[in-house]
Amino acid sequence: MFDVNGKTIAITGASSGIGLAMASHLVSNGANVIAVARRGEALRKWVENTEGNTAFVAADLSVITALPGVASEIASPFGDVDILINAAGLNPRKHADDVTFDAWNAAIDINLSAPFFLAQSMVPAMREAGWGRIINFASLQSQRAFENGISYGAAKGGVVQLTRAMAQAWSRDGITANAIAPGFFPTELTAPVFSDPTLAKKNADQTCIGRNGTMQDLEGPVQFLCSDASAYITGQTLYVDGGFTAK
C-alpha cells in the first residue's frame, strides 16, 4: 500500500535540500521523478548521477503567469503527473520594519502562489485519472512566530489553509491534498541555524526527541502521503518536527 513504483512525481525546489532528498528517495523506490527548480545545472547533474527514471525542468516559479507552461513542460518526459510535491521555498529573513514590497511579494509568490497555480494546472489530468496527490510544504512558522520571519510565516500559514481548501475543492475527484511541516532540518534555508552549534543545539533541545531532523526522517512521511496508504487522509498538516510543537 506504500508503493510508488511507476508513479510520475514532480518535485519543486529539487536542486537542493528537502526537495533534492525527496527526489532521490522516490526515484530509488521506482517513481518517475521530474525535478523542478531555477538552477538548471544542478538539476542536470542530479539527473546524470541518479539511476532511475529522472528528468528535470529549469524554471523560475516566481513568474506565476508562466506556471501553466511549466506544468506542460513537466508533463513532457513521462506524461501526466500523478503526484505534485511543492517543496520550493524562500525565506527573506527580514525584520518586519525592513520588509519591502518586493521582498514580501517574492515570499508569497514562491511559498504560496506557486503551489496553488502549479497544482491548478495539473489537476485536470489527475481528475481525469481519478487519482492524484498534492503535497505542500508548510513550516513550524505556519503556527509559530519566529524572529525576522513575518513574510515567510504569513506565506507558510497560508499554506496550511491552502491545503485545506485544495482538499475541499478536489478530493471528491480522487485527489488528496496534504502538507508536511518540517522541524529543523539542514537545508540552504536553515544554514544560518546549523552554522551556529549553540543555536542548533538550542533548537534540538526544544524537541521531545532531543535532536534536529535528518532527511531520512522525511522519507517515510512523504512516501506515505504519496501512496494509497493515505487514501482517506486529506486537508491535513503533518508536523515532522520531533515534537517541537508539542512542547
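Here is how the numbers come out for the structure above:
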quantity: Selection count where residues are farther than 26 Å from Ala103 by Cα and out of contact with any Leu (no Cβ under 7 Å at 6 or more places or on another chain), scope segment 167-199; calculated: 13
quantity: Test for Asn91: is it within 24 Å of Val222 (Cβ to Cβ), at pLDDT below 95 and not aromatic (Phe, Trp, Tyr); calculated: yes
quantity: Those residues of segment 112-157 which are surrounded by 18 or more Cβ atoms within 10 Å (Cβ to Cβ), over 12 Å from the mean Cα position of the chain (by Cα) and assigned to a loop (DSSP other than H, G, I, E, B), in sequence order; calculated: Gly149
quantity: Matching helices (runs of 4 or more DSSP H) fully within segment 158-247 where at least 1 residues are within 15 Å of the chain's Cα centre (by Cα), touching a residue at least 60 places away in the same chain (Cβ under 8 Å) and within 24 Å of Ser15 (Cα to Cα); calculated: 216-226
quantity: So Asp102, is it surrounded by fewer than 22 Cβ atoms within 10 Å (Cβ to Cβ), within 16 Å of Val63 (Cα to Cα), of a type in the set (D, E, K, R) and free of Cβ contacts under 8 Å to residues at least 40 places away in the same chain; calculated: yes
quantity: Asn86 touching a Gly at 6+ places or on another chain (Cβ under 9 Å) and closer than 23 Å to Glu147 by Cβ; calculated: no
quantity: Qualifying residue in segment 54-75 (condition: assigned to a loop (DSSP other than H, G, I, E, B), modelled with pLDDT of 95 or more, under 14 Å from the mean Cα position of the chain (by Cα) and not β-branched (Val, Ile, Thr)); calculated: yes
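The values are calculated or read from the model by the stated rules, or taken from the named source; none is laboratory data. As the structure is a prediction and not an experimental result, all values here were calculated from the model. Virtual Cβ from ideal backbone geometry, glycine too; neighbours counted across all protein chains shown.
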